[in-house]
Structures are given as structure tokens and as C-alpha cells.
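See structure below.
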Amino acid sequence: MDHFAHPRNVGEIENADGVGTVGNAKCGDIMKMFLKIDDGVITDVKFKTFGCGAAIATSSIATEMIKGSKIDEALSLTNAAVVDALGGLPAVKIHCSVLAEEAVKSAIADYYTKQGVDYKTIPGLE
Ligand code: FES
Ligand code: FES
């Protein structure tokens with residue numbers, strides 16, 4: 001509830017190194033994530049979520065979990081870890097946490113594409 005009422009890292013990063021947009025076909029919610037990456041470390045992360053309270057809370061906590069971490073650590077972030085960090089979510093809201101995991105991965109994939117690297121060769125993004 002705290003992450004829904006007071007979400008962290010809301011906004012956009014200009015000239016982001018990686019941007020990922022994912023949507024949930026079931027509910028129509030959309031999550032956009034922006035990454036600043038220096039020397040393999042995620043130095044800044046912001047998000048914009050047009051969606052339910054659980055989607056906002058999961059994106060908020062996911063940004064806190066990956067900020068300052070290395071790319072490969074961020075790639076190992078699972079939706080289950082996001083749910084745990086929030087202290088649990090109702091079963092019908094689990095798909096909202098999947099959106100957060102996918103948004104992180106999609107933004108990192110975009111980062112690799114911008115670097116001229118085929119992201120499908122990166123463990124965790126295959
Ligand atoms: Fe928007 Fe219910 S889906 S109010
Ligand atoms: Fe769709 Fe939460 S209800 S992301």
C-alpha cells in the first residue's frame with residue numbers, strides 16, 4: 001500500500017540508455033521503464049505505469065530493487081521476488097508483478113540493441 005500511495009522513481013529519464021514498454025493484454029495496463037546505465041551498472045531508473053494499484057506498487061518496488069545493481073543482477077529479478085518484497089499480493093494481482101519483471105527485461109533488451117548487441121545472446125534475455 002505504501003508503494004501504491006507513495007510510488008518511488010516515477011517519471012521519465014531523458015536520453016535513457018534503455019526504454020522498455022510492456023502491456024498486459026488481459027487488463028490493458030501499460031508499464032514503461034527508463035534506465036540509465038554506466039559501466040554495466042544501473043545508475044538510475046524511472047517508470048510510468050498506466051494501470052492498477054498493484055502494477056504501480058510492483059513497478060515502484062522493482063525500480064528500487066534494481067537501482068544501483070549490475071545488469072545481470074537486474075536480469076535475475078523475478079516477479080516472485082517483487083511480490084515477496086511487497087509482502088505479498090492477492091492471487092488475481094500476480095500478473096501485475098509479471099509486468100514489472102517484463103518491463104525491466106524489455107528496457108535492458110533495448111539497452112543492448114542500442115549498443116549494437118543482439119540481446120537474444122544475453123543470458124536472462126534469450
Ligand atoms: Fe477501470 Fe475498472 S477497469 S475502473
Ligand atoms: Fe493489470 Fe494490474 S490489473 S497490471
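Rule-based calculations on the coordinates, nothing more; no lab input. Keep in mind that this is a model prediction, so the values were computed, not measured. So basically every Cβ, Gly included, is an ideal-geometry build from the backbone, and we count neighbours across all protein chains shown.
Both numbers refer to the Cα atoms of the chain; Rg and Dmax are 13.4, 40 Å.
Based on Cα contacts under 8 Å between residues 6+ apart, the chain shows a relative contact order of 28 percent. Which angle between 0 and 90 degrees, to the nearest 10, do you get for helix 53-66 versus the longest principal axis of the chain when only C-alpha atoms count? Taking Cα atoms only, the helix is inclined about 40 degrees. When Cys52, Cys27, Cys96 are sorted by how many other C-beta atoms sit within 10 angstrom of their C-beta, beginning with the fewest, the order is Cys27, Cys52, Cys96. Summarising the label geometry, the points placed 7 Å from Cα in the beta-carbon direction at Asp2 and Asp118 lie 4.5 nm from one another.
Based on C-alpha pairs under 8 angstrom that are at least 6 apart in sequence, the stretch 26-93 has a relative contact order of 27 percent.
For the chain, a simple Cβ point-charge model (Lys and Arg +1, Asp and Glu -1, everything else neutral) yields a dipole of about 340 debye relative to the Cα centre.
Which percentage, to the nearest 5, of the DSSP beta bridges contained in the chain is antiparallel? Write down the numbers at each step before the final one.
Numbers: 16 of 17 bridges.
Among the beta bridges of the chain, antiparallel pairing accounts for roughly 95 percent.
Put simply, the amide H of Ser69, placed in the peptide plane, has neighbours under 5 Å in Ile42, leaving out anything fewer than 5 places away on its chain. Comparing Val22, Val92, Val83 in a Gaussian network model of the chain, where Cα atoms under 10 Å apart are tied by springs, the biggest mean-square fluctuation is seen for Val92. Within the set Lys26/Lys105; Lys36/Lys93; Lys26/Lys114; Lys26/Lys120; Lys67/Lys105, which residue pairs have Cα atoms separated by over 24 Å? Among Lys26/Lys105; Lys36/Lys93; Lys26/Lys114; Lys26/Lys120; Lys67/Lys105, the Cα-Cα distance tops 24 Å for Lys36/Lys93; Lys26/Lys114; Lys26/Lys120.
Calculate the FRET efficiency for Thr21 and Ala91 from the Cβ-Cβ distance with a Förster distance of 30 Å, rounded to the nearest 0.05.
Using R0 = 30 Å, I get an efficiency of 0.70.
Taking the number of Cβ atoms within 10 Å of each Cβ as an exposure proxy, the fewest-first ranking of Thr63, Thr113 is Thr113, Thr63. In order along the stretch 31-37, phi translates into HN-Hα couplings of 10, 10, 10, 10, 10, 10, 10 Hz, rounded to whole numbers, per the Karplus curve 6.51 cos²θ - 1.76 cosθ + 1.60 with θ = phi - 60° and x for Gly and Pro. Computed from phi, the 3J(HN,Hα) profile of the stretch 109-119 under the Karplus parametrisation 6.51, -1.76, 1.60 (θ = phi - 60°) reads 4, 5, 4, 5, 4, 5, 7, x, 9, 6, 5 Hz, with x in place of Gly and Pro.
Footprinting exposure proxy ranking of Ser69, Ser76, Ser106, fewest other C-beta atoms within 10 angstrom first, gives Ser76, Ser69, Ser106.
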